[in-house]
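Asks: Take a look at the following structure, please.
Just so it is clear, none of the values below were taken in a lab; they were calculated from the coordinates. Since this is a predicted model, take the numbers as computed values, not measurements. Backbone-built Cβ (ideal geometry, glycine too); neighbour counts: all protein chains shown.
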Amino acid sequence: MRFDAILRVATKIFLPLVLLFGLYVQFHGDYGPGGGFQAGVIVAAGFILYGLIYGLSALTRIVPPWLVETMVPLGVAIYAGTGVAGWLTGGNFLDYSRLREDVHLAQETGVFLVELGVLITVSSTMLAIFYAFAGRDRS
Amino acid sequence: MLALVDQLPPLLVIVPLFGAILAALARKGPIAWGIAQIVAVAVLLIAAALLVQVYYVDTISYRIGGWAPEIGIEYRVDRINAPILLLVAAIAAAIVPFAFRSVAAELPEERQAWFYAMFLLCLTGLLGIAITGDAFNAFVFLEISSLSTYTLIALGRNRRALVAAYQYLIVGTIGATFYVIGVGLLYIMTGTLNLGLIAERIAEIESARPVLAALAFIIVGISLKLALFPLHLWLPNAYAYAPSFATIFLAATATKVAVYLLARYIFGVFGIGFISSALPVNQVLLLLSTVAIVVAALVAVYEDNVKRMLAYSSVGQIGYIILGLAMATASGVTGGYLHILAHGITKGALFAAVGAAVFRNGGSARLGDFAGIGRRMPLTMTAFVIAGLSLVGIPGTVGFLSKWYLVLGAIELGWWWLAAIIVLSSLLAILYLGRVVEVAFFREPVAATARAAEAPPSMLLTLGLLTAATVVFGLRTDLLAGSARAAAAALLGTAP
């Protein structure tokens, strides 16, 4: 796609919007439809779009495979770690209510962290699947 | 800080989950193996502590996130699931040594760490299904264990492993979908996802139709996961082409946990009284399990791939378990429950022996490539014979115990024909296991087995532990039978 100027320019325009929309869906998950799963897929779609137009090697320069493979378990670790934080603050597993002074703020913080973990794992898993398919001929 | 002992229920699930994360981050097979072994032993200790607590103190109820069971997730350990948790944890701890050489030989280096991560995720899922008291949470864990199982199977050396994994993926997804539809119907009718609360409220529902639909969906969905005849078609290929270690683990634990979930729904949620008055579930299960016992054993007799032979045998053994549950009497349910534990240990030992033999004969599970292997690997094949005796149900082994209760249950109901079928089908097990023993001990070694040496010590350790368990629990009958009787009493609602 090296010489297709329209696709390349359109991708550059779209990319920040896709990522911004991904973040919107992520943070709006508290109030309406959305959350880490949907946002993770949207964010990953932005990167995959970049990879489709600019080539796999351009994408792996930004997000190398080792980073993707580290992010998959890292997101799970953030989720589970939030649960462990419940223990450290004297509650049950996944009890967020003592993470901060105010109970409601604490609950929101807990959910925010959990959704962050989901975002990281889902987006990196999508990318890992893309790499597995796109890199099939090379290996 | 809270008392550690209060936090054991979530720890049972969290420890293998963190283990999976660490194994994935470790990247190196041997390091991931070490993590898996440490995790498995830790999980075994936690499960044992939970069992002691349940037996000597009381049922444990744990609120995830501090939410009440009505709206939150409750982890519940009682006399029904505590032995199941211990079985899964003990099997995992006993078989991880086997993996060290087996996985290194069967998987490419870059995939070994991920394989252990998937194994630990599967362990997380299975323990989660057994410990949770929440219908939807059980679905989540069912998916965690299933998705990791598909991966474990697909990593098999033979390319047919991919087809087997895909087949199981389709069937497993249908099963999980049916289950969640059933759970959704129950939630609409009762307004809660807590199994205990659903059981309380189900009695007050006037319009029974959605509940009946839920019952049908849940029973069919779980039956797909536990490979009840005729929904078993995914199982033989999955067991035959998965890596040896995955086969041992899945055969010994995965279907057993699904059976537990089915028993929990039949007796603990819907209630056997409601079920038998509403639908002929018992009769259907009785018929299917009886057919499973006979047909699966006959197929196994004519099977030439040893792993597939044992897989068909598993289908038949699951038949015995369901048979016991369908009798719905104290002896029958005790026998069925006991067979969950007995068969888990026995089939684990059998697959471990076959896995060790396959490790040494060049990776072939064909019966012909086992010729004379008993002379080259006497310890391995002796263990196979002992575990085989337990599968047949010879007195002095754990397999005898469960069959005893099953026959007792059939006789108490006056079903002499059923008692006869149980005994005669056990004789079929002699036939197909006898074929392996005959080939392994009384034939001249062929090219594949001529240079085979005894299995490495790590594999013999696993094999020794599992085989010793079949004998020890067969001689000290009170250990398993006592817990099975307590579980059956709790399931049937006759607990003191």
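Asks: Whole angstrom only: what separates the Cα centroid of segment B:410-427 from the Cα centroid of segment B:332-394?
Replies: 25
Asks: What FRET efficiency would be calculated for the residue pair residue A:129, residue B:68, taking the C-beta separation as r and a Förster radius of 56 Å, to the nearest 0.05?
Replies: Details: r = 39 Å, r/R0 = 0.69.
The formula returns an efficiency of 0.90 here.
Asks: Counting C-alpha atoms alone, how compact is segment B:396-496: give Rg to one decimal and Dmax as a whole number, in angstrom.
Replies: Gyration radius and largest Cα-Cα distance of segment B:396-496: 19.1, 61 Å.
Asks: Using only alpha carbon positions, build the gyration tensor of the protein assembly as shown, then give the equivalent ellipsoid semi-axes as the square roots of 5 times its eigenvalues, largest first, whole angstrom.
Replies: Values: eigenvalues 331, 210, 98 Å².
Semi-axis lengths for the protein assembly as shown are 41, 32, 22 Å.
Asks: Report the trypsin sites (Lys or Arg not before Pro) located in segment A:1-69 that are in a DSSP loop and have at most 10 other Cβ atoms inside 10 Å of their Cβ, or state none. Show your work: numbers first, answer last.
Replies: Details: sites: A:2, A:8, A:12, A:61; in loops: A:2.
Passing sites in segment A:1-69 are A:2.
Asks: A follow-up question, please. Treat each spin label as a single point 7 Å out from the Cα along the C-beta direction, and report the residue B:110 to residue B:140 distance in nm.
Replies: Inter-label distance under the simple model: 3.3 nm.
Asks: Per q in 0.09, 0.13 Å⁻¹, report the Debye log10 I(q)/I(0) for segment B:333-487, using one uniform scatterer on each alpha carbon and no solvent.
Replies: -0.32, -0.62
Asks: Can you tell me the Rg and the Dmax, both Å, for the Cα atoms in chain B?
Replies: Radius of gyration, then largest Cα-Cα span, for chain B: 21.4, 70 Å.
Asks: Before rounding to the nearest 500, sum -39500 (n - 2.57) across all DSSP H runs of length at least 4 in chain B and divide by the residue total; then give [θ] at 222 nm in deg cm²/dmol. Write down the numbers at each step before the final one.
Replies: Details: 22 runs with 375 residues, N = 496.
That comes out to -25500 deg cm²/dmol.
Asks: Same structure again: Average partner chain C-beta neighbours within 10 Å, per residue of B:67-80?
Replies: Numbers: counts 3, 0, 0, 0, 0, 3, 2, 0, 2, 0, 0, 0, 0, 0.
Per residue, the average neighbour count from other chains is 1.
Asks: Okay, moving on. Relative contact order of segment B:287-496, please, whole-number percent, based on alpha carbon pairs below 8 angstrom and at least 6 residues apart. Could you put the intermediate results ahead of the total?
Replies: On the way: 349 pairs, mean separation 61.7, N = 210.
About 29 percent, as a whole number.
Asks: So, one more: Relative contact order for chain B: what is it in percent, counting Cα pairs under 8 Å that are at least 6 residues apart?
Replies: Values: 914 pairs, mean separation 72.5, N = 496.
Across chain B, relative contact order equals 15 percent.
Asks: Determine, for B:61, B:458, B:277, the number of other Cβ atoms within 10 Å of each Cβ, and report the residues in order from fewest to most. Could the numbers behind the result be given before it?
Replies: Numbers: B:61 14, B:458 17, B:277 9.
By the 10 Å Cβ count, ascending, the order reads B:277, B:61, B:458.
Asks: Efficiency by 1/(1 + (r/R0)^6): what FRET value for residue B:479 and residue B:427, r their Cβ-Cβ distance, R0 = 45 Å, to the nearest 0.05? If you can, show how the numbers build up before the last one.
Replies: Working: r = 27 Å, r/R0 = 0.61.
In this case the efficiency is close to 0.95.
Asks: Give the lysines whose C-alpha is closer than 30 Å to that of residue B:256, dropping any in the same chain fewer than 8 places away, or say none.
Replies: Cα-Cα hits under 30 Å: B:225, B:307, B:347, B:403.
Asks: Still on this model: Students often check this: by mean Cβ neighbours within 10 Å, which of B:290-299, B:230-239 ranks highest, and how do the rest follow?
Replies: Numbers: B:290-299: 20.5, B:230-239: 22.2.
Put in order of decreasing packing, that is B:230-239, B:290-299.
Asks: I'd like the GluC sites (Glu not before Pro) in segment B:150-246 restricted to DSSP loop residues with at most 14 other Cβ atoms within 10 Å, sorted by number.
Replies: Working: sites: B:200, B:204, B:206; in loops: B:204, B:206.
Within segment B:150-246, the qualifying GluC sites (Glu not before Pro) (loop, at most 14 other Cβ atoms within 10 Å) are B:204, B:206.
Asks: Do the sum for chain A: with -39,500 (n - 2.57) for every DSSP H run of n ≥ 4, divided by all residues, what is the mean residue ellipticity at 222 nm, to the nearest 500 deg cm²/dmol?
Replies: Details: 5 runs with 106 residues, N = 139.
Mean residue ellipticity, 222 nm, calculated: -26500 deg cm²/dmol.
Asks: Put +1 on the Cβ of every Lys and Arg and -1 on every Asp and Glu Cβ in segment B:287-496; which of B:470, B:358, B:313 then has its Cα farthest towards the positive end of the dipole?
Replies: Ranked along the dipole, the leading option is B:358.
Asks: For residue A:14 and residue A:89 in the same chain, what is the full-extension length gain: residue separation times 0.36 nm, less their Cα-Cα distance, in nm? It would help to have the intermediate numbers written out before the result.
Replies: On the way: separation 75, 0.36 × 75 = 27.00 nm, distance 4.31 nm.
Between residue A:14 and residue A:89, full extension yields an extra 22.7 nm.
Asks: Loop only per DSSP, at most 13 neighbouring Cβ atoms within 10 Å: give me the GluC sites (Glu not before Pro) in segment A:59-139, ordered by residue number. Spell out each step's value before the answer.
Replies: Numbers: sites: A:69, A:101, A:108, A:115; in loops: A:101.
Sites meeting the loop and neighbour criteria: A:101.
Asks: Apply the Karplus curve 6.51 cos²θ - 1.76 cosθ + 1.60, θ = phi - 60°, to the phi angles in segment B:462-470 and return the couplings in whole Hz, x for Gly and Pro.
Replies: Karplus-based 3J(HN,Hα) across segment B:462-470 equals 4, 4, x, 4, 5, 5, 4, 4, 4 Hz.
Asks: Turning to a different aspect of this structure: At what distance in angstrom do the alpha carbon centres of segment A:48-103 and segment B:167-246 lie from each other?
Replies: If we compute the Cα centre of each part, the gap is 31 Å.
Asks: Using the beta-carbon distance between residue B:28 and residue B:411 and R0 = 51 Å, what value does 1/(1 + (r/R0)^6) give for FRET efficiency, to the nearest 0.05?
Replies: Values: r = 56 Å, r/R0 = 1.10.
Using R0 = 51 Å, I get an efficiency of 0.35.
Asks: Quick one: Cα centre-to-centre distance for segment B:429-469 and segment B:293-313, in angstrom?
Replies: 18
Asks: If you don't mind, there's one more thing I want to ask. I want to check the label-to-label distance for residue B:233 and residue B:163. Put each point 7 Å from Cα in the C-beta direction and report it in nm to one decimal.
Replies: Modelled inter-label distance: 1.3 nm.
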